[in-house]
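These notes concern the structure reproduced below.
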Amino acid sequence: MSGRQAVELTLPIQAEFLPVATACVEQTAQAYGMGRVETMHLMLAVEEVLSFLAARLSGGYHLLKLHCRNGRYYMEVVCRFPSNVLPVGAFNITSTVSADDEQSLAEMGLLLAARTADHLAVSAKNDDMEIRFVKNRQYPALPTIPASVAMQGSLRIAEPAPELIKQFAARVAGKYERQAPAYFQSPGKVADMVASGDYGVSLVTDGKNNIMAGIFWRNGKQMAEAAGPYVFCAEADAAVQAVEGCLQKLARTSVLCLVVQQPTPDMPAGYFEPLAQDGSVLYRQLAEDNGILVYAHPIFADYLTDGYRNLFLPRDIRQVENQGEKQSLHSAFAVRMDRPAGRVVMESIWAGEDALAVVGQHIQALRQEGFREIYFHLDTGVPEQALLSPALSVNGFKPAWIVPWGGEGDILVLAHREEESC
Amino acid sequence: MHPFPPLDMLVPRHIQKIEPYIPSRPDDVLRQMFGCPTIYRLNNNENALGPSPEAIRAIQAVRPEQAAIYPSGDAWHLRQRLAERFHLPPDSFIVGNGANEVIAFVIKAFCQEGDNIITTDRTFAVYEWVAEFSGYEARLVPLTADYSFDDEGMLAAVDARTKIIFLCNPNNPTGTYWNEERLRRFLDRVDGRQIVVVDEAYGEFVAKSDFPNGMELLREYPNLLVFRTFSKMFALAALRIGFLAGQEKIVDVVRRTCVVYSVNSFAQQAAIGALKDADLQIERTRRMVQEARQVLCEELRRLNLPYIAGEGNYVVIRLPMSDTLAYRKLMAQGLMVRSMTGFRFPNHIRVTLATVPVMEKLAAGLARIIA
């Protein structure tokens, strides 16, 4: 459905076309059935982005492609434009500020856009830049939490029909409350998330079609991220069946690995490997790993060596560091903000000489925006990214875990602790 | 530079959804990556005894100058020998570049847009893959609780657009099989409405008296096609050669989709050699496999590891850990097994039954990783 309902508009990056862009978003959002408030937020976000771009163009005639997509449980707007229309540093959310200027921090266009969206991501794709923002559709809150039901008959894997998914979501919200992601509070939304194809679910029912267990995951190209497992009976096999059902569904797909952040205590033993030392991140590969070449700066090389040894991962670690060669002047970083979760993930678009300062500006801006969790995903498959390691380390990022096959190579996840910031 | 082609428009949707299959790296690269001096290949169900004496003689007789000459485009000589061995006309056979190629020939010959094929969820993946990357639906009927093909379920899944039903007998990886009575009953109920492919890639490993010989059923069932390979029992995996057999009228349809000249001369010569002493090869291999199965299963019982040991030269082992982690830990010891998540058997590995000393090494390796 989402592909067939996509709307695309090409318009000049000029302030005069602001009403055209916002009208397009407004009309499309209405056609998608988005609520008035969400529609307004999306219009504001587009207005901020187009104003931001128009104000920074050095001249010439450039086009912006506005792409709207109905994600069923959300609406997505992507602003795409050639990456050469702006200087490299302009793509940073901090591009207009000096780190010391509190007033200008508050006025950054992309951060303003981010405030009205639920998710914002700035990224590079081929020769284009993309600013993507997402507004979630509003769903009614959970009406009633179903009473727990005694198991009747034997357990079985069930086809995830919408009514079963809604029953599952309501049970998760009832039993696991705030330990489970907030979307479980809206069963209709969870059913739409599965119907969109973005998410998958493995459900275990008893003989009377009562939900006894389940696990929920977000599909990705190479990596899926799961939540759960959630169990509603004393039968130990329920969680095993849910997890095996998930693995069987993901087998023979493009997904190479499955990550579970904050697994529940119901996670059966023997299916996953711990990535974070405290067991808060679990991992499992879905295919045989026969090794790759990875790049590491000496600052993080020991951590990677130990990590790979512990995970029995065959890796050829090539150490890289700057040996006085000239780098590009400016850095640019992609950010993926999850405002409801207070989490942001930074990634490198270009590594440049100003990385130390620009990373620092990002941290300051993001902390000021109220983000509690700041992560940097360093792709070990891209040698230029290893060169960022000193700038990240000095700014307080520390290795947290490795996600094998999370990017071009493995992703070294660096976490930023506020008190460690320089 | 010229503009990059618009792949979104050029590539069909069913191809866009598919990821390429990435085969294992060569052994020398794996040895280096995993830091192990030797690799025992227990992942592909290769025959540890190697080719038969006659097959080796045929390979040694290959002259380098033959490389300049095209092979027989339809494996003419090999088909004469197959005809003699199986008492069928030469035109009942199509030889392919491995059995995988003949799977593609059959699907291409019978399916068109909107059609489907039926197989099971936990079997050789290539039927499902070829159907899907060709744009046809693969209906996967789950194996029964005792890991056998579900005849009732498969029949229930048939509709007007079902063209082919794939049975792997014995099944890879479970080693379960339909006996002759069950296979006949199934073929009777299909009653010629669909093509039934019985893949007997591991058929020569089965010594049970009730195991059906698909070749002998071909005269009675015109909708039956039987697949065989020289890769497993005959240990010619590197040469990529397999074949299908069926009644000439059906085979003639499949032949229209064949890529001729796809099987090289050396493979054809080696296969002809392999047929000369096929019975010797089958007998000695069965003996090795039986000994290996006995030794390995004893060790698995001692280690408290559940297993599925049916027919074929492989055993599936259930582990108390992720099979992909077990793969890496065993590779570090030079033991290359097949992780089974991709076969929809999470936390299982499949190991090839090889010589007894190698089975003992495997048991020791398993003991180390579960300790």
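The values are calculated or read from the model by the stated rules, or taken from the named source; none is laboratory data. From a predicted model like this one, the values you see are computed outputs, not experimental measurements. Every residue, glycine among them, receives a Cβ derived from its backbone with ideal geometry; neighbour counts consider all protein chains shown. Keep in mind that these areas ignore ligands, DNA and RNA; they rest on the heavy atoms of the full protein, side chains included. Shrake-Rupley method; radii C 1.70, N 1.55, O 1.52, S 1.80 Å.
Quick notes on this one:
- Since only A:Val281, A:Gly197, A:Asn209 are under comparison, the one whose Cα sits farthest along the positive direction of the charge dipole of region A:156-285, derived from C-beta charges on Lys, Arg, Asp and Glu, is A:Gly197.
- Cα-projected label distance for A:Ala161 with B:Arg219, points at 7 Å along beta-carbon direction, nm: 5.1
- Theoretical FRET efficiency, 1/(1+(r/R0)^6), r = Cβ-Cβ of B:Met9 and A:Asn310, R0 60 Å, to 0.05: 0.85
- Taken over region A:119-275, the ratio of Cα radius of gyration to 2.2 N^0.38 Å equals 1.09.
- Area of B:Val130 that stays accessible when all protein chains are in place (1.4 Å probe, Å², to 10): 10
- Shown for region B:192-291 is the translational diffusion coefficient from the Stokes-Einstein equation, using the Kirkwood radius over Cα pairs, a temperature of 20 °C and a viscosity of 1.002 mPa s: 143 µm²/s.
- Solvent-accessible area buried by pairing B with A, both sides, nearest 100 square angstrom, 1.4 angstrom probe: 2400
- Secondary structure note: in region A:266-422, about 65% of the DSSP beta bridges are antiparallel.
- Here the 3J(HN,Hα) profile of region A:404-414, calculated from phi with Karplus coefficients 6.51, -1.76 and 1.60 at θ = phi - 60°, is x, 6, x, x, 4, x, 7, 9, 8, 8, 10 Hz, Gly and Pro shown as x.
- Its residues counted as N, region A:7-67 yields a C-alpha radius of gyration over 2.2 N^0.38 Å of 1.13.
- Mean partner shielding of peptide A:250-257, defined as the number of other chain Cβ atoms within 10 Å of each residue Cβ, is 5.
- Neighbour net charge for B:Thr174 - beta-carbon separation under 10 angstrom, K R +1, D E -1: 0
- Relative intensity, log₁₀ I(q)/I(0), of region B:70-142 from a Debye sum that treats every alpha carbon as a point, q = 0.11, 0.14, 0.20, 0.28 Å⁻¹: -0.38, -0.57, -0.86, -1.17
- Temperature 20 °C, viscosity 1.002 mPa s: under these conditions the Stokes-Einstein estimate for chain A, based on its Kirkwood radius over C-alpha pairs, is 93 µm² per second.
- Equivalent-ellipsoid semi-axes of region B:200-257, from the Cα gyration tensor, Å, largest first: 21, 18, 5
- Longest stretch of chain A clear of exposed loop sites (trypsin sites (Lys or Arg not before Pro), DSSP loop, at most 15 other Cβ atoms within 10 Å, sites excluded): A:5-207.
- Environment charge of A:Asp379, counting only residues whose C-beta is closer than 11 Å and scoring Lys/Arg +1, Asp/Glu -1: -4
- Stretch gain in nm, segment B:Thr355-B:Arg287, where the contour uses 0.36 nm per residue and the Cα spacing is subtracted: 23.5 nm
- Overall shape of region B:59-210 was characterised from the C-alpha gyration tensor. The equivalent ellipsoid obtained from it has semi-axes of 30, 20, 15 Å, in decreasing order.
- Within the protein assembly as shown, antiparallel bridges make up roughly 75 percent of the DSSP beta bridges whose residues both belong there.
- Taking all protein chains together and a 1.4 Å probe, the residues A:Ser393, B:Ser322 rank A:Ser393, B:Ser322 from largest to smallest accessible area.
- Dipole magnitude for region A:163-313: computed about the Cα centre from +1 point charges on Lys and Arg Cβ and -1 point charges on Asp and Glu Cβ, it is near 440 debye.
- Modelled FRET efficiency - R0 45 Å, B:Ala367 with B:Arg57, Cβ distances, 0.05 increments: 0.65
- Loop sites in region B:229-312: trypsin sites (Lys or Arg not before Pro), DSSP, at most 14 other Cβ within 10 Å: B:Arg256
- Sequence of B:Val351, B:Val62 from largest to smallest accessible area, 1.4 Å probe: B:Val62, B:Val351
- Segment B:Arg189-B:Tyr70, extension gain: residue separation times 0.36 nm, minus the distance between their alpha carbons: 38.4 nm
- Here's the list of aspartates and glutamates a cross-link from B:Lys17 could span, going by alpha-carbon distance under 18 Å and ignoring same-chain residues fewer than 8 apart: A:Asp198, B:Asp8, B:Glu113, B:Glu128, B:Glu132, B:Glu137.
- For region A:16-87, with all protein chains in place and a probe radius of 1.4 Å, 57% of the accessible heavy-atom surface sits on carbon or sulfur.
- Note that region A:163-220, at 10 °C in a medium of 1.306 mPa s, gets a Stokes-Einstein diffusion coefficient of 139 µm²/s from its Kirkwood radius over C-alpha pairs.
- Theoretical gain in end-to-end length, B:Ala157 to B:Lys208 [0.36 nm per residue, Cα-Cα removed]: 15.4 nm
- The phi torsions of region A:151-157, fed into the Karplus equation with coefficients 6.51, -1.76 and 1.60 and a -60° offset, translate into couplings of 5, 10, x, 8, 6, 7, 6 Hz, rounded to whole numbers, with Gly and Pro shown as x.
- Calculated FRET efficiency for the pair B:Asp279/B:Glu248, C-beta based, R₀ 35 Å, to 0.05: 0.85
- Heavy-atom accessible area for B:Ile370, with the other protein chains in place and a 1.4 Å probe, reaches approximately 50 Å².
- What a 1.4 Å probe finds exposed on region B:170-231 is 42% carbon and sulfur by accessible area, rounded to a whole percent.
- Kirkwood-type hydrodynamic radius, the protein assembly as shown: 29.6 Å, calculated from all non-identical alpha-carbon pairs.
- Heavy-atom accessible area, probed at 1.4 angstrom with all protein chains present, ranks A:Met129, A:Met40 as A:Met40, A:Met129, highest first.
- Taking GluC sites (Glu not before Pro) across region B:105-147, the ones in a DSSP loop with at most 11 further Cβ atoms lying within 10 angstrom of their Cβ are B:Glu113.
- DSSP-defined beta bridges in region B:53-276 - what % are antiparallel, rounded to 5: 35
- Dipole magnitude for region B:53-276: computed about the Cα centre from +1 point charges on Lys and Arg Cβ and -1 point charges on Asp and Glu Cβ, it is near 680 debye.
- Of all accessible heavy-atom area on region A:289-422, the percent that carbon and sulfur account for (1.4 Å): 49
- Pairs from A:Lys125/A:Lys221; B:Lys108/B:Lys208; A:Lys189/A:Lys221; A:Lys189/A:Lys249; A:Lys221/B:Lys108 whose Cα-Cα separation, in the structure shown, is over 26 Å: B:Lys108/B:Lys208; A:Lys221/B:Lys108
- Since only A:Gly228, A:Ala150, B:Ala278 are under comparison, the one whose Cα sits farthest along the positive direction of the charge dipole of the protein assembly as shown, derived from C-beta charges on Lys, Arg, Asp and Glu, is B:Ala278.
- Packing, taken as the mean count of other beta carbons within 10 Å per residue, orders the peptides B:179-187, A:191-199 from highest to lowest as A:191-199, B:179-187.
- Once the Cα gyration tensor of chain B is diagonalised, semi-axes √(5λ) in Å: 31, 26, 24
- Calculated from backbone phi, Karplus (6.51, -1.76, 1.60) coupling profile of region A:45-56 in Hz, x at Gly/Pro: 4, 5, 4, 4, 5, 5, 5, 4, 5, 4, 6, 9
- Computed P(r) (all Cα pairs; region A:289-422; 5 Å bins; percent): 2, 10, 22, 24, 19, 13, 7, 2, 0
- Dividing the summed helix terms, -39500 (n - 2.57) for each DSSP H run of n ≥ 4, by the number of residues in chain A produces a 222 nm estimate of -9000 deg cm²/dmol to the nearest 500.
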